[in-house]
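Student: Dumping the structure here so I can ask a few things about it.
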């Protein structure tokens with residue numbers, strides 16, 4: 001019920017923003033380079049980067065002469081991998097998430113933009129592969145799960161948008177929530193990823 005109310009609220013907000021005379025809707029797709037930083041008993045461990053895919057809808061809402069509020073809904077693949085070393089297992093983890101960012105952008109006359117904001121994301125599926133064995137990742141809040149599903153993050157964005165609407169952008173997202181389900185008092189897992197996207201922004205509706 002709680003998820004239904006949240007989804008309905010997000011849908012109403014997007015529909016209201018899309019009808020605004022100052023809003024422009026766009027579509028993006030690209031790649032993510034992701035990882036998890038894990039701490040266990042005071043020791044930090046960073047595995048190898050995991051390359052994934054991202055695609056979604058963006059809504060740019062004019063907030064001033066050179067200011068834009070950018071939100072939307074993106075499918076983002078996160079994850080990590082650890083290649084076998086000295087007899088250890090070869091492990092890879094890919095997590096599929098829906099991410100809703102709210103970024104405040106400064107836009108220049110040259111088409112360049114830069115900004116920052118916050119994001120909320122919810123994981124809905126994943127795949128854990130150990131050597132040649134593959135299984136679905138367990139997402140939830142119990143001790144038997146691999147990761148918690150909800151994450152709150154901080155976002156930094158930069159890019160270029162042409163007058164015709166073609167877009168290229170990059171972002172770095174740092175997860176703020178501890179995603180571990182086991183012994184959260186002494187251990188932690190935090191997500192981060194770098195995204196590269198291209199896309200197209202539709203022209204705004206005329207009055």
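Student: Since residue 170 meets every condition but one in (1) assigned to a loop (DSSP other than H, G, I, E, B); (2) farther than 14 Å from residue 36 by Cα; (3) touching a strand residue (DSSP E or B) at 6+ places or on another chain (Cβ under 7 Å), which condition does it not meet?
Tutor: The number of the failed condition is (1).
Student: Which one is surrounded by the most Cβ atoms within 10 Å (Cβ to Cβ), of the residues in the range 149-166 that are under 18 Å from the mean Cα position of the chain (by Cα) and over 16 Å from residue 76 (Cβ atoms)?
Tutor: The initial filter retains those residues of the range 149-166 that are under 18 Å from the mean Cα position of the chain (by Cα), namely 149-159.
Add one more test, that the residue is over 16 Å from residue 76 (Cβ atoms), and what stays is 158-159.
Details: 158: 15, 159: 20.
Of everything passing the filter in the range 149-166, 159 is surrounded by the most Cβ atoms within 10 Å (Cβ to Cβ).
Student: With respect to residue 96, is the statement that it is in contact with a strand residue (DSSP E or B) (Cβ under 9 Å, 6 or more places away or on another chain), closer than 24 Å to residue 82 by Cβ and either exposed (fewer than 13 other Cβ atoms within 10 Å of the Cβ) or without any contact (Cβ under 8 Å) to a residue 12 or more places away in the chain (or both) true? Break it down stepwise before answering.
Tutor: Working: in contact with a strand residue (DSSP E or B) (Cβ under 9 Å, 6 or more places away or on another chain): yes; closer than 24 Å to residue 82 by Cβ: yes; either exposed (fewer than 13 other Cβ atoms within 10 Å of the Cβ) or without any contact (Cβ under 8 Å) to a residue 12 or more places away in the chain (or both): no.
The answer is no for residue 96.
Student: While we're looking at this one, here's another question. Among the listed residues 103, 177, identify the single one that is touching a strand residue (DSSP E or B) at 6+ places or on another chain (Cβ under 9 Å), buried (at least 19 other Cβ atoms within 10 Å of the Cβ) and more than 19 Å from residue 52 (Cα to Cα). First the steps, then the outcome.
Tutor: Details: 177 fails: buried (at least 19 other Cβ atoms within 10 Å of the Cβ).
Going through 103, 177 in turn, the sole match is 103.
Student: Go through the range 173-190 and report how many residues are modelled with pLDDT under 95 and part of a strand (DSSP E or B).
Tutor: The qualifying residues number 4.
Student: Just wondering, is there one or more residues in the range 125-144 that are within 19 Å of residue 73 (Cα to Cα), touching a residue at least 12 places away in the same chain (Cβ under 8 Å) and buried (at least 18 other Cβ atoms within 10 Å of the Cβ)? Steps first, please.
Tutor: Step one: list which residues in the range 125-144 are within 19 Å of residue 73 (Cα to Cα), which gives 125-126.
After this cut, where a residue has to be touching a residue at least 12 places away in the same chain (Cβ under 8 Å) as well, the list is 125-126.
Subset that is buried (at least 18 other Cβ atoms within 10 Å of the Cβ): 126.
Checked the range 125-144: at least one residue is within 19 Å of residue 73 (Cα to Cα), touching a residue at least 12 places away in the same chain (Cβ under 8 Å) and buried (at least 18 other Cβ atoms within 10 Å of the Cβ).
Student: Within the range 179-198, can you find the residues that are more than 12 Å from the chain's Cα centre (by Cα), closer than 19 Å to residue 150 by Cβ and touching a residue at least 24 places away in the same chain (Cβ under 8 Å)?
Tutor: Answer for the range 179-198, where residues must be more than 12 Å from the chain's Cα centre (by Cα), closer than 19 Å to residue 150 by Cβ and touching a residue at least 24 places away in the same chain (Cβ under 8 Å): 179, 180, 181, 182, 187, 188, 189, 190.
Student: Out of the residues in the range 25-42 meeting the condition of being modelled with pLDDT under 90 and part of a strand (DSSP E or B), tell me which one is nearest to the chain's Cα centre (by Cα).
Tutor: Step one: filter the range 25-42 for residues modelled with pLDDT under 90, giving 37-42.
This time we only want the ones that are part of a strand (DSSP E or B), so: 37-40.
Values: 37: 16, 38: 19, 39: 22, 40: 25 Å.
Here the answer is 37.
The values are calculated or read from the model by the stated rules, or taken from the named source; none is laboratory data. For clarity, every value in this text was computed on a predicted model and none was experimentally measured. All Cβ positions, even for glycine, are placed from backbone atoms using ideal geometry, and neighbour counts span all protein chains on display.
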